[in-house]
Amino acid sequence: MQPFANSWDGNSPHREARCGSFRCAATTQPAGVATDSGLPTSIGQRVFGSLERFRSCLPAALVILAAVGLAYSNTLSVPFFFDDLTNVGENRSIRSLWPIWPVFLVNTEEVSGVHNRPAVFLSFALNYAVSGLEPFAYHVVNLAIHMAASLALLGIVRRTLLLPGMDRFAHVATPLALGIALLWALHPLHTQGVTSVAQRYEIMMGLFYLLTLYSTIRAATSTRPRPWIIASVACCVVALGSKEVAVSLPLVVLLYDRAFLAGSFHKALDQRRWLYLGLAVAWSLFVVWQQFTPPKPWAGDQTGTTWYEYALSQPGVILHYLRLSFWPTGQCLDYAWPVARSAAEIVPQAIAIAALGGATLWATVQHPRWGFLGAWFFLILAPTSSILPIADLAVEHRMYLPLASVVVATVFAAVGCLVNTVKLSPAAWWLLLAPIVCVAVILGTASFNRNRVYASPLTVWTDVVTKRPENSRAFSNLGTVHYNAGRFEEAMYCFQEATRLSPSWTQVSCMAGRAAEKLGQADRAMAYYLRALTLDADYPDAHIDLGRLLRKVDPERAAKHLRLALRARPSSSEAHINLGAIVMSKEPHLAERHFRLALHHDPYHAEAHNNLANCLARRGQLEDAVRHYRRAVELKPDYLNAQCNLEIVERWRTEARSAAP
């Protein structure tokens, strides 16, 4: 079985440069000779060749757009959840396009769980400029990115099948490319990457990764390669600015060039030296950029997972990814994948992955086109699925690009077997698309059903808790959902479960204390807060919660805890607001200072505006007080205290104006 036969010599003097199904033979007519269209040959060939390629690809492109749109039609109303809340909802750096520098260099210490990926942050900032924090627009952009990536994969596969040496597939390049693109685009493994707004990092990187390769193919087959070389380098820069996984891109492009275009590494580097110089410069700029961004510790440093524990766990994770590629059931947003510790959890999986890796190395030497597919899979997964300890050992969106090689290899293995056993007419070849379309429909339906889980945070975390009952983070997040909805009994149960599963988790102890407060159980809440401080004496949230709980019954002790919180976290608006409320009666000027500091750190805090307005009203600065009350009501329309205060102060202001001579 040799569907990717290596019969083509990239330097053959008799080869034709193919541009889609339109052949551009450089020796057919002298340059500048007029064609029937009346245009010079070079211009006429480019214009009419482009029109012919457009007409041949347009139906396939429309099918992909329609299929992806249907499969993801129920995601446009999905609210922000999980990482969306920190990367978008709480990310103040995306709320202004000027000055642009904060968008490109986010303070990762202020926004937890965020890495500096300037290309995606710019897209978030543009989204915010258009629609604020309305999730619909963010989902539309995510879906458009996935559609564009699907079209890019269609173009890559189609043009690869039209290259010299792939002649047996040339007449069915479009239907085969369409089938592969459909299987990839509709696969339910992509639902997390496309539906979660925060995972725009992955899909945007994937789009420009594919566009870099597509532009490389166009540069190699075009009579005017320079614009395509520039496009390839530019797309590489954007891919690297979207997610660090794109670090493998220059090597993947070189492997493709050697396998499908040039025939050897030496010829690839010689024929496209400017392309590889540009990719090398892009890669170097990426490395320099990483040195200038604020350092972000590896999650393994925080979770206690060592690099070798992470590496030994990854074979099982990769096999799980491969199983989902062929049988996508049991998907989960947050696996909380356990570290592999026993020989039974490590040895069989490691042997299987070592065999696949060895086969990839052998194929890279002996059968470069098959080897390229294996290299694509392993090289793209390497940054997240090898030795660098990341908080989550298994996350489905990491398979966004690697899945493409699995789909291509599977389809061509099946097609190769069929070609070697049955002789098909050109018309019969089109029938091969029927079973592929059937599978694509099944996958699209599965994606639609999977996306129903993301309808609300409640359905998301209920699904995770059901599938991963030992996931403490899932219980904590489900408890937060119940807490925000006012279901405090359910919230308390979830926080207790999270505490049982992760006894040393200080944050969940504080959340349990807040739920107990809402249930009127002050002593129980106090016990949870003190437990958190026993685990971490400097934990600011516990000091803030204690200060708020003690504010009315023991102001001095409350102020002590709030000052300790500010010592650990000077930017805490909550600590400033509560401390200001305590000192307002005795030291109004100090209280005003705390409220202004709270607004400095969080200009969108309604309570801070209300409390500062109270201080200003007491000092007779009624105009400024009215302005802050109005801002509080604008930020929080159901804020009754601010509404009442606004009415009172506006009446005072009216009376003062009437009494004025």
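The values are calculated or read from the model by the stated rules, or taken from the named source; none is laboratory data. What you see is a predicted model, and the numbers here were worked out from it, not measured in a lab. Heads up, the Cβs are rebuilt from the backbone with ideal geometry, glycines too, and the neighbour counts pull from every protein chain shown. Ligands, DNA and RNA are stripped out before the accessible areas are found, and what is left, the full protein with its side chains, is counted by its heavy atoms. Shrake-Rupley method; radii C 1.70, N 1.55, O 1.52, S 1.80 Å.
In the stretch 492-521, what residues are farther than 13 Å from Ser472 by Cβ and open to solvent by less than 50 Å² (accessible area, probe 1.4 Å)?
If the condition is that a residue be farther than 13 Å from Ser472 by Cβ and open to solvent by less than 50 Å² (accessible area, probe 1.4 Å), then Met492, Cys510, Gly513, Ala515, Ala516 are the ones that fit.
Give Leu579, Leu590, Leu622 a once-over and let me know the one that is more than 19 Å from Glu556 (Cβ to Cβ) and not aromatic (Phe, Trp, Tyr).
None of the other options fit; the residue is Leu622.
Of these, Asp541, Asp545, Asp536, which one is out of contact with any Cys (no Cβ under 9 Å at 6 or more places or on another chain) and among the acidic types (Asp, Glu)?
Answer to the check: Asp536.
Among the residues of the stretch 104-111, is there at least one that is surrounded by fewer than 19 Cβ atoms within 10 Å (Cβ to Cβ), modelled with pLDDT of 80 or more and within 21 Å of the chain's Cα centre (by Cα)?
Among the residues of the stretch 104-111, not one is surrounded by fewer than 19 Cβ atoms within 10 Å (Cβ to Cβ), modelled with pLDDT of 80 or more and within 21 Å of the chain's Cα centre (by Cα), which makes the answer no.
Between a residue in the stretch 309-332 that is buried (at least 17 other Cβ atoms within 10 Å of the Cβ) and of a type outside the set (A, V, I, L, M) and any residue that is in a helix (DSSP H, G or I) and at pLDDT below 95, which pairs come within a Cβ distance under 7 Å, given they are 6 or more apart or on different chains?
Tyr310/Gly300; Gly316/Glu345
Condition first: of a type in the set (Ser, Thr, Tyr), surrounded by fewer than 13 Cβ atoms within 10 Å (Cβ to Cβ) and either within 30 Å of Thr506 (Cα to Cα) or more than 20 Å from the chain's Cα centre (by Cα) (or both). Can you find one or more residues in the stretch 385-397 that meet it?
No: the stretch 385-397 contains no residue that is of a type in the set (Ser, Thr, Tyr), surrounded by fewer than 13 Cβ atoms within 10 Å (Cβ to Cβ) and either within 30 Å of Thr506 (Cα to Cα) or more than 20 Å from the chain's Cα centre (by Cα) (or both).
I'd like the full set of residues that are open to solvent by less than 50 Å² (accessible area, probe 1.4 Å) and either within 18 Å of Arg473 (Cβ to Cβ) or at pLDDT 85 or above (or both), limited to the stretch 83-94.
Asp84, Thr86, Asn87, Val88, Gly89, Ile94
Does the stretch 131-139 contain any residue that is surrounded by fewer than 15 Cβ atoms within 10 Å (Cβ to Cβ), outside any loop (DSSP other than H, G, I, E, B) and over 18 Å from the mean Cα position of the chain (by Cα)?
yes
So, in the stretch 600-610, of the ones that are open to solvent by 20 Å² or more (accessible area, probe 1.4 Å) and not aromatic (Phe, Trp, Tyr), which residue ends up farthest from Pro555 (Cα to Cα)?
Pro603
Among the candidates Leu51, Leu97, single out the residue that is of a type in the set (A, V, I, L, M), surrounded by fewer than 20 Cβ atoms within 10 Å (Cβ to Cβ), out of contact with any strand residue (DSSP E or B) (no Cβ under 7 Å at 6 or more places or on another chain) and at pLDDT 75 or above.
None of the others qualify; the one that does is Leu97.
What's the number of the condition Thr191 fails, among (1) at negative phi; (2) surrounded by fewer than 22 Cβ atoms within 10 Å (Cβ to Cβ)?
So Thr191 meets the others, but not (2).
Give me the helices (runs of 4 or more DSSP H) completely within the stretch 573-661, filtered to those with at least 2 residues that are within 42 Å of the chain's Cα centre (by Cα) and of a type in the set (D, E, K, R), ordered by residue number.
Of the helices (runs of 4 or more DSSP H) lying wholly inside the stretch 573-661, those with at least 2 residues that are within 42 Å of the chain's Cα centre (by Cα) and of a type in the set (D, E, K, R) span 588-601, 622-635.
Within the stretch 165-177, can you find the residues that are touching a residue at least 60 places away in the same chain (Cβ under 8 Å) and open to solvent by 20 Å² or more (accessible area, probe 1.4 Å)?
Across the stretch 165-177, the qualifying residues are Arg168, Ala170, His171, Thr174.
Every residue, every condition in (1) of a type in the set (D, E, K, R); (2) open to solvent by 40 Å² or more (accessible area, probe 1.4 Å); (3) touching a residue at least 40 places away in the same chain (Cβ under 8 Å), yes or no:
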site	(1), (2), (3)
Ser573	no, no, no
Val583	no, no, no
Lys586	yes, yes, no
Leu590	no, yes, no
His594	no, no, no
Ala598	no, no, no
Leu612	no, no, no
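If I filter the stretch 423-437 for residues that are among the charged types (D, E, K, R), out of contact with any Phe, Trp or Tyr (no Cβ under 8 Å at 6 or more places or on another chain) and either open to solvent by less than 20 Å² (accessible area, probe 1.4 Å) or at pLDDT 95 or above (or both), do I get at least one hit?
no
May I ask you to verify whether Leu564 is without any contact (Cβ under 8 Å) to a residue 40 or more places away in the chain, open to solvent by 20 Å² or more (accessible area, probe 1.4 Å) and assigned to a helix (DSSP H, G or I)?
Answer is yes for this residue.
Could you give me the residue pairs with C-beta distances under 6 Å whose first residue belongs to the stretch 258-286 and is farther than 19 Å from Pro368 by Cα, whose second residue is open to solvent by less than 60 Å² (accessible area, probe 1.4 Å) and aromatic (Phe, Trp, Tyr) wherever it lies, and which are 6+ apart or on separate chains?
none
What are the pairs with Cβ atoms under 7 angstrom where one residue, in the stretch 363-386, is at negative phi and among the charged types (D, E, K, R) and the other, located anywhere, is modelled with pLDDT under 95 and open to solvent by 30 Å² or more (accessible area, probe 1.4 Å)? Sequence gap at least six, or different chains.
Matching pairs, first to second residue: Arg369/Asn6.
Would you check which residues across the stretch 357-384 are open to solvent by 50 Å² or more (accessible area, probe 1.4 Å) and closer than 14 Å to Tyr321 by Cα and list them?
Selection gives Phe378 alone.
Determine the pairs where a residue that is on the phi > 0 side of the Ramachandran plot, located within the stretch 510-521, has a partner that is buried (at least 23 other Cβ atoms within 10 Å of the Cβ) with Cβ atoms under 9 Å apart, the partner being 6 or more residues away or on another chain.
none
How many residues are surrounded by fewer than 19 Cβ atoms within 10 Å (Cβ to Cβ) and either in a helix (DSSP H, G or I) or not polar (S, T, N, Q) (or both) if we restrict to the stretch 251-270?
6
What residue, of Leu143, Leu213, is part of a helix (DSSP H, G or I), touching a Ser or Thr at 6+ places or on another chain (Cβ under 9 Å) and within 24 Å of Ile442 (Cβ to Cβ)?
One residue alone meets the criteria, Leu143.
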